[in-house]
Amino acid sequence: MTGARTDLPSVRELLSHAVEAVGGTERDGQVAMADAVDSAIRTGEHLAVQAGTGTGKSLAYLVPALRHAVESGTTVVVSTATIALQRQLVDRDLPRLARALKQPLGEEPTFAILKGRRNYLCLHRVHGGIEDEPEDTGLFDQYAISRVGREVKRLHEWSSDTETGDRDELVPGVSEQAWRQVSVTAKECLGAARCPVGDDCFAEHARADAGRASIVVTNHALLAINALQDYQVLPEHDVTIIDEAHELVDRVTSAATADLSSAMVSAAARRCGRLIDADIADRLLETGEGLSLMLEDAPQGRLDTLPDALGGAVAAVRDAAHACLAALGSDRREDAEEATKRKLARSALDDVHDTAVRLLEAFEDDPGERKDVVWRSGDRQSANPRPPALHVAPLGVGGLLRERVFGSSTTVLTSATLALGGTFDTLARQWGLPPEPRPTERAEGTATEKAPPSDADTEPHWSGLDVGSPFDYRRNGILYLARHLPPPGRDGLAAPTLDEIAELIDAAGGRTLGLFSSMRAAKQATEELRDRVTHPILCQGDDATSLLVNKFAEDPRTCLFGTLSLWQGVDVPGASLQLVIVDRLPFPRPDDPVASARQRAVEARGGNGFLTVAATHAALLLAQGVGRLHRATSDRGVVAVLDSRLATARYGGFLRASLPPLWPTQKTEVVREALRRLDAAAPA
Ligand code: SF4
């Protein structure tokens with residue numbers, strides 16, 4: 001990168017240039033957003049921007065970001081939640097922009113993609129420098145072992161073809177078990193200086209490229225790891241842009257969640273068994289067996305108290321892991337093979353030890369003051385039996401974000417859905433930001449008063465901006481509130497709801513995306529309706545989701561039913577999608593350990609836990625689901641929400657105010673007639 005530049009055109013000029021070069025049209029929302037991002041970068045005041053579908057928001061933040069990077073000779077980090085957006089930025093938007101802005105900027109800006117080390121093939125491992133994980137062989141049946149074996153063979157062949165070693169570029173992908181055998185975590189890596197193939201290392205090359213780039217595209221998980229670790233994994237940067245920011249809290253929570261199982265303890269014991277006194281390693285192995293017994297007896301789900309016997313087993317694991325770490329000693333001068341073994345053993349022991357400590361500490365505070373939630377997963381009786389394990393997750397990540405993300409760089413957060421119930425405050429609290437400086441009008445039922453406990457005390461400055469959407473939602477979309485239907489129950493979809501779905505699909509002539517709150521409901525609807533409607537119904541799980549979405553897009557008469565990933569991942573403009581059906585409001589499951597603990601923590605502080613946690617979760621997801629209908633300016637259609645609570649419950653106002661402004665109606669016949677008209681007008 002070059003030094004500071006003072007001769008650059010303004011953001012407005014660059015944006016016009018970029019829009020013209022990529023063959024688009026300038027839109028008011030896009031210009032307003034680019035100005036706001038530019039102003040945030042200049043003033044250092046963080047910014048939250050809600051930019052509806054069709055705004056062209058990636059250009060609106062990339063142009064000021066590139067200008068800043070070239071002007072100051074620094075790097076800007078852009079973080080996304082999904083691989084799809086990451087690919088769009090790196091394969092489409094950034095190459096076109098870099099070419100378009102080369103002349104006005106006087107140099108071609110550079111960009112790179114950077115992920116966690118686990119996402120890159122480790123050549124040292126591929127070349128046999130690191131043996132397979134000892135626990136892998138014991139866990140799978142013969143069929144699974146041979147499948148994993150075939151995948152690993154394919155990965156070895158791929159290792160000599162790939163230029164990046166990036167897992168996401170491998171199509172079709174491989175199982176997690178296979179990938180684990182050719183990759184390492186940051187803690188397991190030997191370090192390029194000691195690694196025999198360090199000069200060729202894919203992860204090291206990606207890091208070096210990122211260090212030289214104007215823009216580094218990464219994901220929320222690596223952003224979280226960068227915030228959680230004491231060392232920097234991202235290059236030095238003074239501006240962070242977080243796209244798909246509605247996913248930030250969930251992704252950071254996942255990255256900050258730790259697990260402990262007896263298999264992990266046994267693997268750590270085997271890793272260090274050959275390097276230390278066998279008695280000390282055997283003791284750890286025995287504590288793993290003890291943990292396994294106690295876990296079998298522990299209740300499933302959230303643990304508000306730690307049963308004494310389980311607590312004793314976790315403490316025994318902690319102490320035995322500590323003894324192994326002490327016996328392992330510090331790193332020595334040794335050959336690469338020995339160093340690798342020591343590194344792997346230390347990493348596994350650290351994980352087991354640190355998680356055991358964290359699990360025990362989670363119960364030390366009074367219930368209302370706790371910072372972490374613990375739960376026990378695993379069910380040997382289910383269709384997909386899994387051994388039991390313990391998990392510990394943070395109740396809030398606002399303190400971490402405030403200190404380590406907002407505290408270290410100017411941050412722009414953006415998404416089509418950030419202003420819930422008309423205000424950014426709900427999400428701002430989760431991010432650790434104070435209430436919005438310029439309060440906006442809030443919908444009835446909006447919960448913003450209390451948040452789960454946080455830990456930071458400085459108040460960063462920020463502002464919120466809603467640039468709207470170029471789509472005319474009220475003219476082109478109907479929000480059908482099926483008030484007459486019975487509220488959803490526990491026993492699957494009720495007969496009147498299934499009848500309603502069948503009639504809506506008939507009126508629409510197919511063209512339907514069914515967004516269900518559970519896989520069970522999606523399957524029930526598919527099975528019961530396949531014989532009743534004349535149009536084909538695809539169900540998630542019948543094939544790879546991307547193939548199903550392609551089939552759905554290609555044949556307008558086809559319907560696609562599914563659950564969570566479809567709520568956010570379907571981008572099908574045109575007449576193949578004119579009806580979105582939502583079976584029930586997407587609240588978190590009542591037994592979701594993290595959501596239920598967050599809810600309780602808010603209540604312990606005098607707030608409304610249901611509104612703050614569950615309704616916020618539902619609002620975000622519902623807005624994403626509703627957003628599937630309009631993907632292009634000419635798209636028209638209906639979103640049918642078959643959960644009558646959206647029309648009747650007090651929180652319904654908050655949820656409705658969080659959605660794109662479609663024209664609302666409760667009249668079934670009006671909706672069916674509109675669908676019939678759209679079907680008749682659609683291209684054959
Ligand atoms: S430097 Fe680390 S990640 Fe890279 S090849 Fe060596 S051990 Fe693997």
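The values are calculated or read from the model by the stated rules, or taken from the named source; none is laboratory data. Keep in mind the model is a prediction, meaning the values are calculated, not measured. Ideal geometry is used to build each Cβ from the backbone, glycine not excepted, and the neighbour counts take in all protein chains shown. Side chains are part of the model used for accessible areas, which takes the heavy atoms of the whole protein and leaves out ligands, DNA and RNA. Shrake-Rupley method; radii C 1.70, N 1.55, O 1.52, S 1.80 Å.
Taking the criterion of being crowded, with 16+ Cβ neighbours inside 10 Å, of a type in the set (D, E), modelled with pLDDT under 90 and more than 13 Å from the ligand (Cβ to nearest atom), would at least one residue in the stretch 137-145 satisfy it? Explain how you work it out, then say what you get.
Pass one, the stretch 137-145, residues crowded, with 16+ Cβ neighbours inside 10 Å: none.
No, there is no match, as no residue in the stretch 137-145 is crowded, with 16+ Cβ neighbours inside 10 Å, of a type in the set (D, E), modelled with pLDDT under 90 and more than 13 Å from the ligand (Cβ to nearest atom).
So for the stretch 217-224 (the condition being within 16 Å of the ligand (Cβ to nearest atom), surrounded by 20 or more Cβ atoms within 10 Å (Cβ to Cβ) and under 24 Å from V405 (Cα atoms)), does at least one residue qualify? Break it down into steps so the answer makes sense when it comes.
Of the stretch 217-224, the ones within 16 Å of the ligand (Cβ to nearest atom) are 222.
If we keep only those that are surrounded by 20 or more Cβ atoms within 10 Å (Cβ to Cβ) too, we end up with 222.
Next, only the ones that are under 24 Å from V405 (Cα atoms) stay: 222.
Yes - at least one qualifying residue is present in the stretch 217-224.
Of the residues E131, E204, which is on the phi < 0 side of the Ramachandran plot, open to solvent by 30 Å² or more (accessible area, probe 1.4 Å), at pLDDT 95 or above and within 16 Å of the ligand (Cβ to nearest atom)? Spell out how you get there, then give the answer.
Values: E131 fails: at pLDDT 95 or above.
After applying the criteria, what remains is E204.
Considering each of D199, D209 in turn, give the residue that is under 26 Å from A81 (Cβ atoms), open to solvent by 10 Å² or more (accessible area, probe 1.4 Å), within 15 Å of the ligand (Cβ to nearest atom) and assigned to a helix (DSSP H, G or I). Spell out how you get there, then give the answer.
Details: D199 fails: under 26 Å from A81 (Cβ atoms).
So the residue among D199, D209 that is under 26 Å from A81 (Cβ atoms), open to solvent by 10 Å² or more (accessible area, probe 1.4 Å), within 15 Å of the ligand (Cβ to nearest atom) and assigned to a helix (DSSP H, G or I) is D209.
Are any of the residues in the stretch 240-251 among the acidic types (D, E) and within 16 Å of the ligand (Cβ to nearest atom)? It would help to see each step written out before you state the result.
Residues of the stretch 240-251 that are among the acidic types (D, E), as a first pass: 243-244, 247, 250.
Cutting the leftovers down to within 16 Å of the ligand (Cβ to nearest atom) gives us none.
No; the residues of the stretch 240-251 include none that is among the acidic types (D, E) and within 16 Å of the ligand (Cβ to nearest atom).
Run R584 past the list (1) within 30 Å of T305 (Cβ to Cβ); (2) surrounded by 21 or more Cβ atoms within 10 Å (Cβ to Cβ); (3) touching an Asp or Glu at 6+ places or on another chain (Cβ under 7 Å) and report the number of the one that doesn't hold.
(1)
Go over the candidates A321, A345, A313 one by one and state the one that is away from the ligand (no atom under 16 Å from the Cβ), within 15 Å of R270 (Cβ to Cβ) and either outside any helix (DSSP H, G or I) or over 28 Å from the mean Cα position of the chain (by Cα) (or both). If you could, list the steps in order and put the result at the bottom.
Numbers: A345 fails: away from the ligand (no atom under 16 Å from the Cβ); A313 fails: within 15 Å of R270 (Cβ to Cβ).
So the residue among A321, A345, A313 that is away from the ligand (no atom under 16 Å from the Cβ), within 15 Å of R270 (Cβ to Cβ) and either outside any helix (DSSP H, G or I) or over 28 Å from the mean Cα position of the chain (by Cα) (or both) is A321.
Would you please name the residue that is most open to solvent (accessible area, probe 1.4 Å), looking only at residues in the stretch 398-426 that are in a helix (DSSP H, G or I) and within 16 Å of V239 (Cβ to Cβ)? Quick ask: steps written out before the conclusion?
Initially, the stretch 398-426 is screened for residues in a helix (DSSP H, G or I), giving 398-406, 425-426.
After this cut, where a residue has to be within 16 Å of V239 (Cβ to Cβ) as well, the list is 401, 404-406.
Values: L401: 5, R404: 90, V405: 9, F406: 13 Å².
Ranking the candidates gives R404 first.
Among the candidates T6, T25, T74, T55, which residue alone is open to solvent by less than 20 Å² (accessible area, probe 1.4 Å), assigned to a loop (DSSP other than H, G, I, E, B) and not small (G, A, S)? Spell out the reasoning first.
Details: T6 fails: open to solvent by less than 20 Å² (accessible area, probe 1.4 Å); T25 fails: open to solvent by less than 20 Å² (accessible area, probe 1.4 Å); T74 fails: open to solvent by less than 20 Å² (accessible area, probe 1.4 Å).
On inspection, the qualifying residue turns out to be T55.
Looking at the stretch 259-278, is at least one residue open to solvent by 20 Å² or more (accessible area, probe 1.4 Å), acidic (D, E), more than 16 Å from the ligand (Cβ to nearest atom) and more than 24 Å from A597 (Cβ to Cβ)?
yes
For the list (1) surrounded by fewer than 15 Cβ atoms within 10 Å (Cβ to Cβ); (2) among the small types (G, A, S); (3) over 27 Å from A256 (Cβ atoms), I need the number of the one condition that G301 fails.
(3) is the only condition that G301 fails.
Find all pairs meeting these conditions: Cβ atoms under 6 angstrom apart; at least six residues apart or on different chains; first residue within the stretch 22-50 and small (G, A, S); second residue modelled with pLDDT of 95 or more and assigned to a helix (DSSP H, G or I).
Partner pairs satisfying both residue conditions: A34/V11; A34/L15; A34/A60; A34/V63; A34/P64.
Which one is most open to solvent (accessible area, probe 1.4 Å), of the residues in the stretch 161-196 that are assigned to a loop (DSSP other than H, G, I, E, B) and away from the ligand (no atom under 14 Å from the Cβ)?
Let us first name the residues in the stretch 161-196 that are assigned to a loop (DSSP other than H, G, I, E, B), namely 161-165, 170-175, 181-196.
Checking which are away from the ligand (no atom under 14 Å from the Cβ) leaves us with 161, 163, 170-175.
Numbers: D161: 117, E163: 171, L170: 17, V171: 124, P172: 88, G173: 52, V174: 18, S175: 20 Å².
So, considering only residues that are assigned to a loop (DSSP other than H, G, I, E, B) and away from the ligand (no atom under 14 Å from the Cβ), the one most open to solvent (accessible area, probe 1.4 Å) is E163.
Which pairs turn up if I take residues in the stretch 100-117 that are more than 22 Å from L223 (Cα to Cα) and look for partners that are within 16 Å of the ligand (Cβ to nearest atom) with beta carbon separation below 9 Å, at least 6 apart in sequence or on another chain?
none
Which one of these is part of a helix (DSSP H, G or I), open to solvent by 30 Å² or more (accessible area, probe 1.4 Å) and either modelled with pLDDT of 95 or more or farther than 14 Å from T414 by Cβ (or both): A32, A36, A40? Can you show your working first?
Details: A36 fails: open to solvent by 30 Å² or more (accessible area, probe 1.4 Å); A40 fails: open to solvent by 30 Å² or more (accessible area, probe 1.4 Å).
A32 is the lone residue from the list that is part of a helix (DSSP H, G or I), open to solvent by 30 Å² or more (accessible area, probe 1.4 Å) and either modelled with pLDDT of 95 or more or farther than 14 Å from T414 by Cβ (or both).
Please give the helices (runs of 4 or more DSSP H) falling wholly within the stretch 614-684 in which 2 or more residues are surrounded by 16 or more Cβ atoms within 10 Å (Cβ to Cβ) and of a type outside the set (A, V, I, L, M). Don't jump to the end; show me each part of the working.
On the way: elements: 616-626, 645-648, 652-657, 668-681.
Counting at least 2 such residues, we get 616-626, 652-657, 668-681.
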